[in-house]
Amino acid sequence: MKLIGLDPGLGCTGWGVITAKGNSLSHIANGQIRTDAKASMSERLATLAEGLRAILAEHAPDEAGIEEVFVNTNAQSTLKLGQARGALMLVLADTGVPIGEYAARFVKKAVVGTGGADKAQIHAMVSVLLPGAKIAGADAADALAIAITHAHHRASARAVGAAA
């Protein structure tokens, strides 16, 4: 099963593609979709959508995991994050890729073991879980962590379903 993880952001969206076969995970690719801060909101959202469409065309993932919006102290930042996430989710839905949504704390706990992990800890653990992967930055590491979380969540759901 090929999975893509997405760490949405208006300025930079991280992405990571992995394969999951049972408990075995393999890195395929990762990177970042960057937008021009001087461009209009609609142009930036279009850049994110076009970038994701190109990634989906190249890697053809079976499913996606995406980080949920977290509410921070700056309402404008939260709104912009929500718009970026919405543009990405629309592209996934348009291309028929099923989506799993994960809270940041859930991803951190699943990958590092604590919901309060920092970016360096996530990057380090992703490097351990996907040996040899050249990670394109913190956003890409977060996206790979989301893909890993989605893989584990799928495996757990299947195991529970089989036991029932």
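Laboratory data are not the source of any read-out in this text; all were calculated from the coordinates shown. Given the structure is predicted, the values throughout are model-derived calculations rather than measurements. Here the Cβ positions follow ideal geometry from the backbone for every residue, glycine too, while neighbour counts run over all protein chains shown.
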Notebook entry, point to check: How big is the charge dipole of the stretch 2-163 about its Cα centre, in debye rounded to the nearest 20, if each Lys and Arg gets +1 on its Cβ and each Asp and Glu gets -1 on its Cβ?
Noted result: 300
Next item on the list: Could you tell me which of MET41, GLY22, PRO61 has its Cα farthest along the dipole of the chain towards the positive end, charges placed at Cβ (Lys, Arg +1; Asp, Glu -1), taken about the Cα centre?
Entry: GLY22
Next item on the list: Would you indicate which of (i) 17; (ii) 21; (iii) 41 is the value of percent of Cα pairs over 28 Å apart derived from the coordinates of this structure?
Entry: (i)
Item checked: Share, in percent, of DSSP beta bridges within the stretch 1-149 that are antiparallel, nearest 5 -> 65
Notebook entry, point to check: Using the per-residue mean of other Cβ atoms lying within 10 Å as a proxy for protection, in what order, highest first, do the peptides 19-32, 99-112 fall?
Noted result: 99-112, 19-32
Next item on the list: For helix 75-94, report the angle its Cα long axis makes with the longest principal axis of the Cα atoms of the chain; keep it between 0 and 90° and round to the nearest 10°.
Entry: 60
Notebook entry, point to check: Taking a threshold of 23 Å on the Cα-Cα distance, which of the pairs LYS2/LYS80; LYS38/LYS108; LYS2/LYS108; LYS21/LYS119; LYS80/LYS119 fall above it?
Noted result: LYS2/LYS80; LYS38/LYS108; LYS21/LYS119
Item checked: Most to least packed among 144-152, 7-15 [average Cβ atoms within 10 Å] -> 144-152, 7-15
Margin query: Given the DSSP H assignment, sum -39500 (n - 2.57) over each helix run of at least 4 residues in the chain and divide by its residue total; what's the result at 222 nm in deg cm²/dmol, nearest 500?
Written below: -17000 deg cm²/dmol
Next item on the list: Give the relative contact order (percent, whole number) for the chain; include only Cα pairs under 8 Å separated by 6+ residues.
Entry: 32
Margin query: Highest mean first, how do 129-138, 44-53, 73-82 rank when packing is the count of other Cβ atoms within 10 Å averaged over residues?
Written below: 44-53, 129-138, 73-82
Margin query: Rounding to the nearest 10 and keeping the result within 0 to 90°, find how far the Cα-based axis of helix 138-163 lies from the longest principal axis of the chain.
Written below: 40
Check: Hey, if you put +1 on the Cβ of every Lys and Arg and -1 on every Asp and Glu Cβ in the stretch 40-164, which of ALA110, GLN83, ALA141 ends up farthest toward the positive end of that dipole?
Finding: ALA110
Margin query: Angle check, please: helix 119-129 long axis (alpha carbons) against the longest principal axis of the chain (alpha carbons), in degrees 0 to 90, nearest 10.
Written below: 40
